[in-house]
1. With runs of 4+ DSSP H residues as the only contributors, calculate the mean residue ellipticity of the chain at 222 nm using -39,500 (n - 2.57) per run, divided by the residue total and rounded to the nearest 500.
2. Quick one: angle between helix 95-104 and the longest Cα principal axis of the chain, in degrees between 0 and 90, rounded to 10, please.
3. Could you tell me which of the pairs LYS221/LYS260; LYS116/LYS157; LYS67/LYS164; LYS164/LYS260; LYS157/LYS221 are separated by over 29 angstrom between their Cα atoms in the structure shown?
4. Can you return the lysines within cross-link range of LYS255? Criterion is Cα-Cα under 20 Å, with same-chain partners fewer than 8 residues away left out.
5. Specify the angular offset, from 0 to 90 degrees and rounded to the nearest 10, of the alpha carbon long axis of helix 208-220 from the longest principal axis of the alpha carbons in the chain.
6. Can you give the net charge of the other residues whose Cβ lies under 11 Å from the Cβ of LYS202, counting K and R as +1 and D and E as -1?
7. I need LYS67, LYS209 ordered by Cβ neighbour count within 10 Å, fewest first.
8. Which peptide among 237-248, 174-185 comes first, and what is the full order, when sorted by highest mean count of other Cβ atoms within 10 Å?
Amino acid sequence: MSYSTVKISAIVICFNDATHLADSLESLSLCDEILFFDMGSTDGSVEIAEKYSNQIQSIERVEIVEKVWEGSIKTAENDWVILLDPDEIFPAESIKEIRKLISENPKVSLISIPWKYYFLGKPLNSTHWGKDHFKARVFNRQHVEISGLIFDGIKLKPGFETYKLPYSSGYIIRHYWIDSIPQLFGKHWRYIKHDGEDRYHKGQRFTLKRQIIDSYKTLRKDLLDYNGIKDGIRGIFLSFFHAWFIWMCHFSLWKYQTFKAGKLEDESSSGS
């Protein structure tokens, strides 16, 4: 495969994410097509997308975007896909190198890109969100599996390889994660509502001991291992917020597990 034959489709799925959208779509301008999927935005997102996208599609709104990944990817013209959130800015200068990498390495089917969180407009260097992250969002759709479960990501099929770009400034996806405190709680509350069901389907079961241990470990890691305590009010706040989030995810699992147990009991009673 030659460099010139590597075609890449970019996909952005959006609901009222106009704040960083123009920069996000502009960063994908070197791709061969940009597909924009809108879930009923009312903040001007569609109007922004019209300036950059080859195709705009309206889809049903979901609270967890992972649920519509698989369906949107199938509509792309090309097998190689960049899947970007509308609050992320892709390192445009790396696209040429990605094409070269794909053309020279036929077994590579998933590429991990360095990923930097921004909180209230500033890069994070403490807590879980401030450590070095990589995001596997460049992939050959024929060679991956997508479960649609929260935090399950995109997984390679057997026989293919992942390549990780070096963590340097020219390769980093800038993720404008949180622009306000209400957004912080609103975004994570959506995940909490659905996380219990996904954990259950992954085989997890609730125990109070695990809820306490995981929440404590999260807090300790964020404060000490990931330098939250050295980051002052911001780092300490996010450390406790993360521990609360983990606690609530376990609570979500307990709620769903209780619901399933009650449903099974009802079915058993009606069957007898």
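Taken together, the values in this text are just the output of simple stated rules run on the coordinates, not laboratory data. Everything numeric in this text was worked out from a predicted model, so none of it was measured. Positions of Cβ are backbone-derived with ideal geometry, glycine not excepted, and every protein chain shown enters the neighbour counts.
1. Working: 8 runs with 104 residues, N = 272.
The per-residue figure over the chain is -12000 deg cm²/dmol.
2. 90 degrees
3. Numbers: LYS221/LYS260 33 Å; LYS116/LYS157 27 Å; LYS67/LYS164 25 Å; LYS164/LYS260 40 Å; LYS157/LYS221 32 Å.
Cα-Cα > 29 Å for LYS221/LYS260; LYS164/LYS260; LYS157/LYS221; rest within.
4. Partners within reach: LYS187, LYS193, LYS202, LYS209, LYS263.
5. 50 degrees
6. Numbers: positive: ARG199, ARG205; negative: ASP152, ASP195, GLU197, ASP198.
Combined, the nearby Lys, Arg, Asp and Glu give -2.
7. Values: LYS67 14, LYS209 8.
Exposure proxy ranking, most exposed first: LYS209, LYS67.
8. On the way: 237-248: 19.5, 174-185: 16.2.
Per-residue mean Cβ counts within 10 Å order the peptides as 237-248, 174-185.
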